[in-house]
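Visitor: My structure is below; once you've seen it, I'll send some questions.
Where a number appears in this text, it was derived from the coordinates with a stated rule and is not lab data. Quantities reported herein were computed from a predicted structural model and do not represent experimental measurements. Neighbour counts are summed over all protein chains in view; Cβ atoms, including those assigned to glycine, are modelled from backbone coordinates with ideal geometry.
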Amino acid sequence: MPDMKKLAELMKELETSLGICTRCGMCQAVCPLFSETGREADLARGKLALLDGLIQEMFKNPDGVVERLNRCVLCGSCESNCSSGVSVLEIFFKARAVITGFQGLSAAKKIIFRQMLARPEIFDLLISFAAKFQNMFARPVNRDLGTSCARIISPLLTNRHFIPLASEPFHKKIPYMDSPPGKSGLRVGFFVGCLLDKMFPGIAEATIEVLQHHGSGIWIPENQGCCGIPAISEGDSTAFERLVRHNIDLFDDGNIDYLVTSCATCTFTIKKVWPMMLETASRELRSKMERLSQKTFDISQFVVSIIGVSADEEQKSGSIRKITYHDPCHLKKSLGIWEEPRVLINADPGSCLVEMHDADRCCGMGGSFNLHHYKLSSEIGGKKASRILDTGCQIVATGCPACISQLSDALSKSGSEMRVKHVIEIYRDSIIKNCIHF
């Protein structure tokens, strides 16, 4: 029999936060999932009501509780639109951790998170092995977007148009870097992240080129791990804390002025999720974590706010490349970063920004949500693709590799030739093309 007393004690931590919700329904207008299903249970309001009666529900239908709580993109749209200031994402992360700690992880998830993801050397080896043999199971489907699809029917790949693994991950190209500061006088740590390392090494290379152009010393330690967001999204606090400790140990000794990432979700995780989920950690670990978290910047934020890059104010004419921009949820809604990426796009005299309708509307990726609920994720992504195509642009830029994957899938299925790029790639290209000096 489950220890419901233990569950009740764990849920006390969330009672105050849950009590703030007035059930006003402001989350309804912005929830991407509710816009597809129209189900009250898919709203933040509905999930918070579920958590209020969690103890009783866990007796009656524990699997149903987990299923309802996991039907969420974790985009933060509800939180950013909440008039009562409910910390929805914090509640959801902690509730998942509480329930997983109570129920336990499945054997498969223990292997994935604790034996693979939380052990970077093993994880790198397995992904490298998968990259060598992926062509046996996948074939190119849209060369403009670089997407592939499954050669055979697969429960995991279904009808996805996905970005394949890189033939050579970033950590093989540049396993370590320790360069002195240049004209900026700054020493910058670079947290690469899983997706940049294993799927988009070109984005990581563009990040380094931009930092070098602006005279930053760069510190890239060997054997970096995942930021931990996949593990904590599934409620695995054990794997999450292992990864946090691992990465803090790597970067804490680097004597850096700033830590930059080119992944919106990694930035959000280090700045927001690490502190909220390690409240009971040792004083030493919390001190190191808070010090590193405060130094962490998204790459566009760093280049604009710290380096001082500004938009090109001259009237643009002639052959101008039109670029639209998709706001990653974790960048704009959770961190308030939305002007800086647009500045980098407009820093190029040969490019102009064309805003799409609802640029900050979620693309539907949501990490594990995309794996568990691909049909819903794809429908949300399809609507986003329509808004992008309506702009008539040649390129859609964003600041999140997960969003790049989702947008590439949606645009590829539409037969579009529009390219999806990271904003730092666009800025790097403008430096090379125009020999920009600041």
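Visitor: Can you tell me what share of the DSSP beta bridges in the stretch 135-286 is antiparallel? A percent to the nearest 5 is fine.
Guide: Given both bridge residues lie in the stretch 135-286, the antiparallel proportion sits at roughly 50 percent.
Visitor: Pairs of alpha-carbon atoms within less than 8 angstrom and 6+ residues apart define the contacts here; what relative contact order does the chain have, in percent?
Guide: The value is 16 percent.
Visitor: Using P(r) over Cα pairs in 20 Å bins from 0, in percent as the read-out, say which of [x] 29, 63, 8; [y] 25, 59, 16, 0; [z] 23, 52, 25, 0 was calculated from these coordinates.
Guide: [y]
Visitor: Could you line up Met116, Met277 from fewest to most neighbouring Cβ atoms inside 10 Å?
Guide: Met116, Met277
Visitor: Using the alpha-carbon atoms, what tilt in degrees (0 to 90, nearest 10) does helix 88-103 show relative to the longest principal axis of the chain?
Guide: Taking the Cα atoms of the chain, the angle to 88-103 is about 50 degrees.
Visitor: Indicate, rounded to the nearest 5 percent, the antiparallel portion of the DSSP beta bridges found entirely in the chain.
Guide: Around 25 percent of the beta bridges assigned by DSSP in the chain are antiparallel ones.
Visitor: While we're on this one: Run the dipole for the chain about the Cα centre, Lys and Arg Cβ at +1, Asp and Glu Cβ at -1, nothing else charged, and hand back the magnitude in debye, nearest 20.
Guide: That gives a dipole near 840 debye.
Visitor: Once you charge only the Cβ atoms, +1 for Lys and Arg and -1 for Asp and Glu, what is the size of the charge dipole of the stretch 37-177 about its Cα centre, to the nearest 20 debye?
Guide: Roughly 460 debye, rounded to the nearest 20.
Visitor: Taking the Cα centre of the stretch 310-434 as the origin and placing charges on Cβ (Lys, Arg +1; Asp, Glu -1), which of Val354, Asn370, Val423 is farthest toward the positive end of the dipole?
Guide: My answer, from the dipole projection, is Asn370.
Visitor: Here's another thing I want to ask about it. Taking only Cα atoms, what is the 0 to 90° angle, nearest 10, from helix 237-252's long axis to the longest principal axis of the chain?
Guide: Rounded to the nearest ten degrees, it is 30.
Visitor: Separate question: Within a 10 angstrom radius of the beta carbon, how do Met136, Met365 rank from fewest other beta carbons to most?
Guide: By the 10 Å Cβ count, ascending: Met136, Met365.
Visitor: What is the angle, in °, between the Cα long axis of helix 423-434 and the longest principal axis of the Cα atoms in the chain? Nearest 10 is fine, range 0 to 90.
Guide: Compared with the principal axis, the helix lies near 0 degrees.
Visitor: Rounded, prolate or oblate: pick one for the stretch 153-214, where a ≥ b ≥ c are the square roots of the eigenvalues of its C-alpha gyration tensor, a/c under 1.5 means rounded, and failing that, prolate if a/b is larger than b/c, else oblate.
Guide: Prolate, since a/c reaches 1.5 and a/b exceeds b/c.
Visitor: Which of Lys413, Lys333, Lys375 has the fewest other C-beta atoms within 10 Å, and how do the rest follow up to the most?
Guide: Fewest to most other Cβ atoms nearby, the residues stand as Lys375, Lys413, Lys333.
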